[in-house]
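Remarks on the structure that follows.
The values are calculated or read from the model by the stated rules, or taken from the named source; none is laboratory data. Since we're looking at a predicted model, the values are computed, not measured. Reconstructed Cβ throughout: ideal geometry from the backbone, glycine too, with neighbour counts over all protein chains shown. Side chains are part of the model used for accessible areas, which takes the heavy atoms of the whole protein and leaves out ligands, DNA and RNA. Shrake-Rupley method; radii C 1.70, N 1.55, O 1.52, S 1.80 Å.
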Amino acid sequence: MRLIHLFLFAPKVDNFYPLYDIQTYANHIFQQEVSIMNHCYSCTTCKSADKPLECYIAGLPMETSHHRVEGQSVKCGFGLQGVCCRLCSNGPCRITPEAPHGICGASADVIVARNFLRAVAAGSGCYIHVVETTALNLKETALSGGALKGMNALEHLCQLFAIPQGDPHTRAAAVAQAVLEDLYLPDYTPMKLQQKLSYAPRLAKWNELGILPGGAKSEVCAGVVKCSTNLNSDPTDMLLHCLKLGISTGVYGLMLTNLLNDVMLGEPEITPAPVGLGVIDPDYINIMITGHQHSIFVHLQEQLKKPEVQELAKAAGARGFRLVGCTCVGQDLQLRGVHYQDIFSGHAGNNYTSEAVLATGAIDAVLSEFNCTLPGIEPICDRLNIRQICLDDVAKKQNAALKPFVFEDRERISREILDEILESYKNRRARVPLNLLPEHGNTNTITGVSEVSLKKFLGGSWKPLIDLIASGDIKGIAGVVGCSNLTAGGHDILTVELTKELIARDILVLTAGCSSGGLENCGLMTPEAASLAGPKLRAVCESLGIPPVLNFGPCLAIGRLEMVATELAQALNVDIPQLPLVLSAAQWLEEQALADGAFGLALGLPLHLGLPPFITGSSLVTKILTEDMKALTGGQIIVNSHAGESADILEQIIMDKRQALNI
């Protein structure tokens, strides 16, 4: 592992100077001030794997997150190591060799585990909010007799939940109600549906470890309570609770959200699609959507498909309305794009592409309902007169109109949103200059991959994939998942470089999350990307006409990767940790990613991270997550910021698992 050098610039506190370099600090501040005075944004733009995007952002006459990286390059060493505690008024306490305990007596191990649990609980809470919203919207849709587009998905869920045959709307309402009842159970009552959704060997292991979660919302609350002041001080117990939260996150927040969305929005179908800033057509009224809660957009999407609504746009001087995908909800719409070709332009990019999307000047409104909606989009929207509308107060932006989605008021809400967007278009388009990048991205990214569509593509069985793995034509599978950040080498750099290294080793890559947005804009999800793969994987891809990187869509689709893993394990009659399968969240960003990671560890999978998750201040917590976890669940965290070295490690793990399976 490469050493991470930490530099902390802080004033003198209690005669203690941690790693202090006054000359470097002075130079840093001077460069910041000069940059601000000259407005030389291109001087401070961070690197990106997407070079056309990097050049575009460098030339913008406005500040974005890419410009702020250098100004925030001086990190707090205590924060990076997770050894700062500010839970009570005696603090903040910072653990050092000279002061190894906080005032209350908490050690570095306790403080790090507590901070980690608090972050995982917050991330899990985010996902549980999403699945709760989705289940409520499915229930209301079913009770009102609304459209159900995914009848195969509904039948699958009804079989899993033992819901009898009958009217589809009655069955859909029963499915949604079963999910809601599980979410609302107390933490001391195990959720029922996990028994039906989880792989039996994993379920047995979780039961053995005592980490089967109770009601998902209660488990989040219990996790927050545990890490409050002067409560739990057992690091091992807190890490086990992280696994419990990971399971409820994975089974409910990830797997079930996808399946419920499939019922309402239509099931994914494999198809080529355009991606990048080139999807933005200035002749249309363009609506950028950001967030994770696709079910909130269902009614508006259906309204936009109506000819009379499109006529409103034409009367205003545009060719019609178009949705421009950004972040995970855009990827979910892309996943189902075959059902919305008449109103969906394509997916423009991930979280750290959103500012560039707005800077084109061709976006007339932003609809947001969850993260990853950066606060940095607000000044850009203000400057370019772009209307901001938030559909859930958890994602409320300061200068945005708040129009919470209420199912009973959906007609009124959609009408008001359309009126505001029309007004925005009329008021701004003639006055705001366009700064387009039409050549960005590509037009033939393969999308719509899911556990169902991929199996269908293979002929209705996993046997062709298993045979390719057994023969060595595909050495193994790597799930490259999660967020994008700007610090692991730059925007999408580690993700893209690691993916190229993996496919060059004949390892098939499956992606889900903002990482997908970066990989597709860099061309790795086109059939032509087969030329970058190793000779065996390249031959497979060219014979099937597929890319070596398969796009499962949003971060929620990490749950789909789990379903693929489960079905492969069932077909081979082995447990999930025995599969030649590895995970990488190379550029993880936030608390939701940590909850995702806890699910990966509970599944027993090796999980690579490009940056450590603020745990290195505790040797105990670090050891448990990187070493001891293998004996508990089969999983482990691997931290390495170098693409080639990381690929070597992951490849060796795959080879070891192949050897254990005698293939």
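Some observations on this one:
- Gain in span if fully extended, A631 to K306, counting 0.36 nm per residue against the direct Cα distance: 111.3 nm
- Placing a label point 7 Å from the Cα of A660 along the Cα-to-Cβ line, the residues of the range 202-220 whose backbone N sits under 14 Å from it are 202.
- Part-to-part distance (alpha-carbon centres) for the range 592-606 and the range 347-399, which is given in Å: 29
- Stretch gain in nm, segment E155-Y184, where the contour uses 0.36 nm per residue and the Cα spacing is subtracted: 8.0 nm
- Rg/Rh (Cα only; Kirkwood hydrodynamic radius) as it applies to the range 389-491: 1.15
- Calculated [222 nm] ellipticity per residue, helices only, for the chain: -14000 deg cm²/dmol; basis is -39500 (n - 2.57) per DSSP H run with n ≥ 4, divided by all residues, nearest 500.
- With both residues required to sit in the chain, DSSP beta bridges show an antiparallel share near 20%.
- A dipole drawn for the range 527-622 from +1 and -1 charges on Cβ atoms has a positive end, and of I615, A585, L537 the residue lying farthest that way is L537.
- Computed E for V225/N385 - FRET, C-beta separation, R0 51 angstrom, nearest 0.05: 0.65
- Centroid-to-centroid, using Cα positions, the range 504-571 and the range 264-307 are 23 Å apart.
- Among 349-358, 43-52, the order from most to least packed when residues are scored by Cβ within 10 Å on average: 349-358, 43-52
- From the coordinates of this entry, Cα extents along the principal axes in Å is computed, and it appears in (i) 78, 78, 51; (ii) 72, 65, 53; (iii) 90, 80, 63 under the label (ii).
- Enclosed volume per residue, in Å³, of the convex hull spanned by Cα atoms of the range 81-159: 151
- Spin-label proximity, S144 to the range 247-288 - amide N less than 15 Å from point 7 Å beyond Cα toward beta carbon: 264-265
- The residues of the range 154-209 have, on average, 49 Å² of accessible surface per residue, using a 1.4 Å probe with all protein chains present.
- When the solvent-accessible area of the chain is split by element, carbon and sulfur atoms take up 55 percent of it, the probe being 1.4 Å.
- The length gained by stretching the chain between C55 and A204 to full extension, at 0.36 nm per residue less their Cα-Cα distance, is 48.4 nm.
- A simple spin-label model places pseudo-atoms 7 Å from Cα toward Cβ; at Q72 and R431 they are separated by 3.1 nm.
- Peptides 305-318, 102-115, 81-94 ranked from most to least packed by the mean count of surrounding Cβ atoms within 10 Å: 102-115, 81-94, 305-318.
- Compactness check for the range 564-629: Cα Rg over 2.2 N^0.38 Å is 1.23.
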